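Right, one structure below, let's go through it.
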Amino acid sequence: MRLKQGKPETGSNFDGSQENPRIYKIERSRGRRKLGRREFLAMNVGIAGAALTALKTEASEDFASASQTSSDVLPALSCNITRSHGGRVNEVVFNNDGKMLASASQDDTIKIWSNPDGRLLKQFEGDFSPNGFESLCSDSKGKWFAAASWRTVFLYSWSNLSKVRETELDNLIDGLAFSPDGNSLVVLKSDHEVMFLTVPGLQKKGTVNLPAWQYYSLAVSPDGKWLATGEEGKVNIFAIKRFKRAKPKFNLNFGKSSSNVTAMVFTPDNKYLITALQGGELIFWKTSPWKYVKSLKTGLNSISCIAINSKGKLFAIGGKQGIKTYTFPKGKSKKQMIRETEVDNSAPASLAFNPSNTLLAAGYGYDNGGYLTLWQHTTGKTLRCFVDVESTWPKDKVKTYEYDAAGGGKVRITVPNCTCAVKVPANAHCVCDSVSGNYCECDSYCSCHYVHTYWYPN
Amino acid sequence: MNTLKKPCLFCIPFEGKWIIYRPLLHAAFIGNHTMAELTEHCLRYPDSEVPQEHVEACGFLKDIGFLEPDPPPPAQTDFKFSPDAAVLLLTNRCNLRCTYCYAEAGDKALEDMPLELALRAIDIAAENAKNNDRSFFQLVFHGGGEPPQHWDVFRKAVDYAESKSHKCSISMSSNGVWSKEQRAFILEHLNGVSLSFDGTREVQDAQRPTAEGGSSFKAVMTSINKMDENKFPYNIRMTITNSFLEKLPECIQFFCEETGCRNFQIEPAFGSGREGWVNPTPEIADRFISAFAAAMDVAESYQSDLTYSGARPWMTVCSFCSAAESALVLRPDAGIVACYEVTDASHLLADVFTIGRLGPNGMIIDEGARENLNLMRQERLALCKDCFCVWHCGGDCSSRCFSPGGKGHLRFEERCRINRELSKELLARYIERSGVVWRSRIEVTDENSDFPGEPSIDKQRRKNDVTSQNTEQH
């Protein structure tokens, strides 16, 4: 990136005869930097150091600007007191450039977060399903992401964060995946039918009826050739072609009774399948030809989820004892990450590497609350938890402000209701790093949880 | 540099607008020309009335604390020299032959520090720390050679420092090429290492070959793996030469992926050999600036920190480094110097930076030399006062900008341009990350200091005035 020395424009004297004073924000578009105008207003409401959630209600399609205030960095609040969702986070995916993260939850919402600053950009509601959103996937081109709640499949656009289409099927949905070319959506229904839908129209393209077994997990190979379903004691491999009734082309039996295949993932090069068993064991399979390669004991009592990075060199598994990363194909253990929280020690329900393979997102939670945590897997440190103050902070502890946004519409932000409401004195700075002259948001239960942004040492 | 400057307010051209920057407040945002002028007016005439159409903008400046008075800048050198850090330039032996080594380590006549000298320096640092109510003193082994190469003295000095009743922090700069015994000792007894490591195998072996001309990469990686395994704190200091400028991002990615380190310092070496600092051509400077910016992108994607000594807008200093102020920097020949690079008496700037000797009974400080050095630094700072980097660069590294023989200051050349461009790039990134306004912690290390202003350059004061700290005649 070359630095540019632009010519400053010739302005007037500040008496306002020609141009009004303006301030600017640096924005990125396709990796290039550009300046965008910002308004002066709302600078005195919940600025640096406060936890903010901005929800845009109507109007402006410019989601990026509507949710911002003067200082858009959110502190990395501890998960001890704050959550991402009102229910377990079932699935998590990154978009193509890793700057956004989508989480699907049992609370029947999908939330889109800005990474790594943690702003909540958008929220989508589901189909009033008691289990909420159970499936979520993103296509390889970064154009769409799809989710399933109850019987309904929803398709969304990454570029403008809008819902494109929804379609209701005739049965509950157990699993969802995009085809490699992004033109089809593979839907596993609870009646053991695999349905192929067109993208973006969500029209039925064809179906494949699977044998009526109990499936615990589903994986589609990146080249779209194989569909793997996991059940007790074996993995069934189906060749997906011509949408006919299929019987498994291969059965991968691992001969252990009472070992459900709880999670599976194909490597990005399509050469291997990694299966995770309920007993905490991993089995590596070669796909061409299909054969057993090796087993790996992980030390976890059970494995709830698995993810592999885009290079296929590192994979992560999650269980109650935490998250473990391993090299592939050697299976050398790298790091173990245990979430320290007094609230619960649940196993992660989902894992996802970011596109540059530097971060690992994990979704946790029980029925009462879900947590989305970002790990730096190379060091094993937690970078942040994504926090939605409005929906997770106690209602009597927050205050909501509404003001007119530039370009029309209203912007609503919710901040913790500060009981001390103490102004930070000039030349002093609170532990929450509030800009001096503004209200300190250090409440009795939050002062020790505010952490300064981690990018630059101060 | 076209700037609108008022005391401690700088407006830096940036992509058609201005970065409006208050360095002592560590605050910056981007505005148009009118905003820059309005800010200047509000600072200069805080009680004046502002036109109605600018009330909102003024309110913004007040809300973000941009109109506050500057905190006092850091004080100039306290003339009492009472160092609580012993920095030992232990030896000029080296097991590598780095292509850019400023000390030509390994190629000169051997100079090893006698043990007795090292122990004396440790005694002084420990005593001063106690007298100054510091909770610990420091023992640092620095370059001009590879400290563990003088193993016997190294080991004994560490043991001696640890045996003192006052707590000690021990660290060193090293190339990481250690024997098994050395590695075990270092991991057990030191508190940290600044590791000189230049990147991928290709770059490392080209720039830092062994004394026999072989590869040093594997040995350094072994040390790194051991430090990572033992969670031993270290940072990586990387030197990049002209031939490998474009490899800088790749090297940073390598560090992030293959080591546990997350703090990297990059320093350029623009010369073609072991002749020390050379100012780059404008073309080379541009390449370094671009490569560094690209490397910053890579480091950010790995949540790692990348620093360059000439661009530190998060700091507030009145001198580039503290070698002259709080450290007893000792050469093997017992010379006390004010610069880590002046490793022997043949250095071009030895006269300027040698400020005393460590005698059998204590430090013999040439107060005149110290005062002279201080005056030169103040002169430099005054010459730099129009530059927006002045409060974090502190007039730049003295060994880069003093003319040999103590006769003046070198011109502000490409290094200054590099410092400014990268500082501006950092400010832009801070603003981008913060949203609209960057505010950071304010590090004020001293109080009651005036802005340096124009020093009184009285050449008659630059006399050699040798004083002794004890009563003995020399």
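Worth a mention:
- Structural size metrics of the stretch A:89-386, computed from C-alpha coordinates, are Rg and Dmax of 17.8, 52 Å.
- Dividing the convex hull volume of the alpha carbon atoms of the stretch A:262-346 by its residue count gives 82 Å³ per residue.
- Averaged over peptide B:295-303, the number of partner chain Cβ atoms lying within 10 Å of each residue's Cβ comes to 4.
- Cα gyration tensor, the stretch A:145-196 - rounded (a/c under 1.5), prolate or oblate: oblate
- Between the alpha-carbon centres of the stretch A:297-325 and the stretch B:96-154 there is a gap of 47 Å.
- Averaged over peptide A:352-359, the number of partner chain Cβ atoms lying within 10 Å of each residue's Cβ comes to 3.
- Neighbour-count order for A:LYS294, A:LYS99, fewest beta carbons within 10 angstrom listed first: A:LYS294, A:LYS99
- Each principal axis of the Cα cloud of the stretch B:186-256 was taken in turn, and the coordinate range along them, longest first, works out to 37, 29, 15 Å.
- Taken along its three principal axes, the alpha carbon spread of chain B comes to 75, 56, 42 Å, from the longest extent down to the shortest.
- Among the listed pairs A:LYS291/A:LYS330; A:LYS334/B:LYS247; A:LYS271/B:LYS226, those beyond 23 Å (Cα-Cα): A:LYS334/B:LYS247; A:LYS271/B:LYS226
- B:ASP152/B:SER215 FRET efficiency (R0 35 Å; Cβ-Cβ; nearest 0.05): 0.80
- Peptide A:325-336, shielding by other chains (average Cβ, 10 Å cutoff): 0
- Rounded tilt (10° steps) of B:115-131 against the dominant C-alpha axis of chain B: 40
- Counted residue by residue at 0.36 nm each, then reduced by the alpha carbon distance between them, the extension gain from A:ARG33 to A:LYS294 reaches 89.2 nm.
- Computed E for B:GLU53/A:LYS99 - FRET, C-beta separation, R0 41 angstrom, nearest 0.05: 0.65
- Shape parameters for the stretch B:4-63, alpha-carbon atoms, Rg then Dmax in Å: 11.0, 32
- With Cα atoms, 0 to 90° folded angle of helix B:414-434 axis to chain B main axis: 60
- Ellipsoid fit via the Cα gyration tensor, the stretch B:285-365: semi-axes of 36, 15, 11 Å, each the root of five times an eigenvalue, largest first.
- Net charge dipole, the stretch B:82-412: roughly 280 debye, given to the nearest 20, about the Cα centre with Cβ charges of +1 for Lys and Arg and -1 for Asp and Glu.
- In chain B, the calculated helix contribution to ellipticity at 222 nm averages -10500 deg cm²/dmol per residue, counting -39,500 (n - 2.57) for every DSSP H run with n ≥ 4.
- Centre separation in Å (Cα based) which lies between the stretch B:168-245 and the stretch A:133-170: 49
- In plain terms, if you count all Cα to Cα distances in the stretch B:225-362 and split them into 10 Å steps from zero, the share in each step is 10, 29, 32, 23, 5, 0 percent.
- Efficiency of FRET from Cβ geometry, A:LYS381 and A:PHE128, R₀ 45 Å, rounded to 0.05: 0.70
- Pairs exceeding 32 Å between alpha-carbon atoms, taken from A:LYS204/A:LYS320; A:LYS122/A:LYS205; A:LYS25/A:LYS163; B:LYS108/B:LYS180; A:LYS111/A:LYS234: A:LYS204/A:LYS320; A:LYS111/A:LYS234.
A short reminder: the numbers here are calculations on the coordinates, not readings from a lab. Since the model is a prediction, treat every value here as computed from it, not as a measurement. Counting neighbours? That spans all protein chains shown, and the Cβs are built from the backbone with ideal geometry, glycine included.
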